[in-house]
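Colleague: Pasting a structure here, questions to come.
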Amino acid sequence: MTPTDPPAGLPAGLVDGLVVGSGPAALAMAAELAEQGLAVAVLAAADPRAPWPNTYGIWGEEVDALGLGHLLEHRWSHTCSYFGSGAADPADPANAPTLHGRDYGLFDKARLQQFWLERCTAAGVQWRQGLAVSWRAVDCAGAACSAVTTAAGEQLVARLVVDASGHEPVFVQRPDEGPVAGQAAYGVVGRFSGPPVEPGQFVLMDYRCDHLSAAERLEPPTFLYAMDLGEGRFFVEETSLALAPPVPYATLKQRLERRLAHRSVRVEQVEHEEFCLFPMNLPLPDLHQPVLGFGGAASMVHPASGYLVGALLRRAPAVAAAVAAALRAEPAADSLQLAQAGWRALWPLELRRKHALYQFGLEKLMRFSEPQLRAHFATFFALPEAQWTGFLANTVSVPELVAAMLRLFATAPWSVKAGLMGMQGRELALGLRLLRPVG
């Protein structure tokens, strides 16, 4: 049932929304659009029920606010990071863990996927399998609709196409603003000769580098992201925050093995290897195009932390509601009008300004040395909890974000201040977008 009666003379098989993709972003948007009463189809190159390869984490308070704590596979209260070098006396306070005092959760990927699949099915989403290769505008009773052609030659027509196909989208256009920095990680789920982290512990960032030579410490820094999964199983992942070009998987794997060996730990059984690479500083898409993006296709990855799933869960309802409202207000609305309604809801002025600030900060961090990064994060996590958690979840306002950044600068050691003050490359242009954001 559509939210209003559509104009007469529309082509057979027309749907209100065609979502391209099969990952978290695609399923989240398809479910929300369908629950708004729209006729929705999903076009996926792969089976939407196929297991997702990567893990998804979220802070406990964030998932609780969404009422979705039951979708977590694991939840930790013993959460910490290490920002000392590890090279001095282990009893040195500089090498003590930074305790976060906040719960962290790991989604049960299968349960999260099923959560969205069940909502899609209950709301009547249609499933189509095929590889989307082209888009064009077609006439629908005097209004411009969208036609998507698959590699097999099938044509699907919709009032609006939502491209949720990932970081390298099929249809969404974005400007070229230079090299894109990637967060790269290599991880292992398995059993080890000894605990790589303390029992019941979640480690967000372990920047200790005492397993590296002095020369290696001049290379791009990496950190350990690790957790106790219970029953003798652990997940350990060597991660590069962001770099262009990204740190190779082979380098990350070697560093992980050396980090473990330095602590007399070896991998005894590998249940799963994780290879993760996603862009951190994608520019915002063209917000005036007739195709709506969502997820990685719409540059929704947090430019400073890499988080995405929480944003999908929070922002999909408003975007879907905006599209549905536009259809109710104007039953003959064309694809451009509907996409504009969606883009305005997805990237309002405040979020565009914050995106510019986060990108500005990431540009700074990508040039920091290993000692600067350790000092920076030690300062960051010493901020009041509301500031650092809101920063990482992108839930604070622009004034609150600016206040957090100013407080960090004021309390940081001089080595970090020096790195933050220097303006290089795109930093000035990104900083000015706080006043004049794109779009």
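Colleague: Examine segment 68-75 for a residue that is more than 26 Å from Phe275 (Cβ to Cβ) and touching a helix residue (DSSP H, G or I) at 6+ places or on another chain (Cβ under 6 Å), and state whether such a residue exists.
Modeller: Yes: one or more hits.
Colleague: Which is buried (at least 16 other Cβ atoms within 10 Å of the Cβ) and polar (S, T, N, Q), of Ser146, Ser77, Ser134?
Modeller: Of Ser146, Ser77, Ser134, the one residue that is buried (at least 16 other Cβ atoms within 10 Å of the Cβ) and polar (S, T, N, Q) is Ser146.
Colleague: Can you tell which of Ser81, Ser85 is small (Gly, Ala, Ser) and part of a strand (DSSP E or B)?
Modeller: Being small (Gly, Ala, Ser) and part of a strand (DSSP E or B) holds for just one of Ser81, Ser85, which is Ser81.
Colleague: Could you identify the single residue in Phe278, Phe377 that is in contact with a Phe, Trp or Tyr (Cβ under 8 Å, 6 or more places away or on another chain) and farther than 27 Å from Ala141 by Cβ?
Modeller: Every option except Phe377 fails the conditions.
Colleague: Pairs, please: C-beta under 6 Å, at least 6 apart or cross-chain, first residue at negative phi and in segment 20-40, second among the basic types (Lys, Arg) and surrounded by fewer than 24 Cβ atoms within 10 Å (Cβ to Cβ)?
Modeller: From residues that are at negative phi, the pairs are Ala31/Arg119.
Colleague: Tell me whether segment 238-257 contains one or more residues that are closer than 30 Å to Leu349 by Cβ, polar (S, T, N, Q) and under 19 Å from the mean Cα position of the chain (by Cα).
Modeller: No: segment 238-257 contains no residue that is closer than 30 Å to Leu349 by Cβ, polar (S, T, N, Q) and under 19 Å from the mean Cα position of the chain (by Cα).
Colleague: Right, here's the next one. Report yes if some residue within segment 336-358 is at pLDDT below 95, in contact with a Pro (Cβ under 8 Å, 6 or more places away or on another chain) and more than 24 Å from Pro290 (Cα to Cα); otherwise report no.
Modeller: Looking for residues that are at pLDDT below 95, in contact with a Pro (Cβ under 8 Å, 6 or more places away or on another chain) and more than 24 Å from Pro290 (Cα to Cα), one finds at least one in segment 336-358, hence yes.
Colleague: What's the number of the only condition in (1) at pLDDT 95 or above; (2) basic (Lys, Arg); (3) surrounded by fewer than 22 Cβ atoms within 10 Å (Cβ to Cβ) that Arg263 fails to meet?
Modeller: (1)
Colleague: Something else now. Look through Ala41, Ala28 and report the one residue that is crowded, with 16+ Cβ neighbours inside 10 Å, part of a strand (DSSP E or B) and either modelled with pLDDT of 90 or more or touching a Leu at 6+ places or on another chain (Cβ under 7 Å) (or both).
Modeller: Going through Ala41, Ala28 in turn, just one is crowded, with 16+ Cβ neighbours inside 10 Å, part of a strand (DSSP E or B) and either modelled with pLDDT of 90 or more or touching a Leu at 6+ places or on another chain (Cβ under 7 Å) (or both): Ala41.
Colleague: On to the next question. Here is a check on your reading of the model: is Arg315 within 30 Å of Cys80 (Cα to Cα), touching a residue at least 12 places away in the same chain (Cβ under 8 Å), among the charged types (D, E, K, R) and in a helix (DSSP H, G or I)?
Modeller: Here the answer is yes, as Arg315 does meet what is asked.
Colleague: Moving on to the next point. What are the pairs with Cβ atoms under 6 angstrom where one residue, in segment 254-279, is part of a helix (DSSP H, G or I) and the other, located anywhere, is β-branched (Val, Ile, Thr)? Sequence gap at least six, or different chains.
Modeller: Taking only residues 6 or more apart or on different chains, the pairs are Arg255/Thr222.
Colleague: Considering each residue of segment 328-366, count those that are within 30 Å of Asp139 (Cβ to Cβ), assigned to a helix (DSSP H, G or I) and acidic (Asp, Glu), and give that number.
Modeller: Selection size over segment 328-366: 0.
Colleague: Among the residues of segment 393-427, what is the count of those that are within 22 Å of the chain's Cα centre (by Cα), assigned to a helix (DSSP H, G or I) and hydrophobic (A, V, I, L, M, F, W, C)?
Modeller: Matching residues across segment 393-427 total 6.
Colleague: Just to be sure I understand, how many residues within segment 112-153 are within 20 Å of Pro169 (Cα to Cα), part of a strand (DSSP E or B) and either in contact with an Asp or Glu (Cβ under 6 Å, 6 or more places away or on another chain) or of a type in the set (Gly, Ala, Ser) (or both)?
Modeller: 5
The values are calculated or read from the model by the stated rules, or taken from the named source; none is laboratory data. Keep in mind the model is a prediction, meaning the values are calculated, not measured. Because the Cβ atoms are built from the backbone with ideal geometry, glycine has one as well, and the counts that use them run over all protein chains shown.
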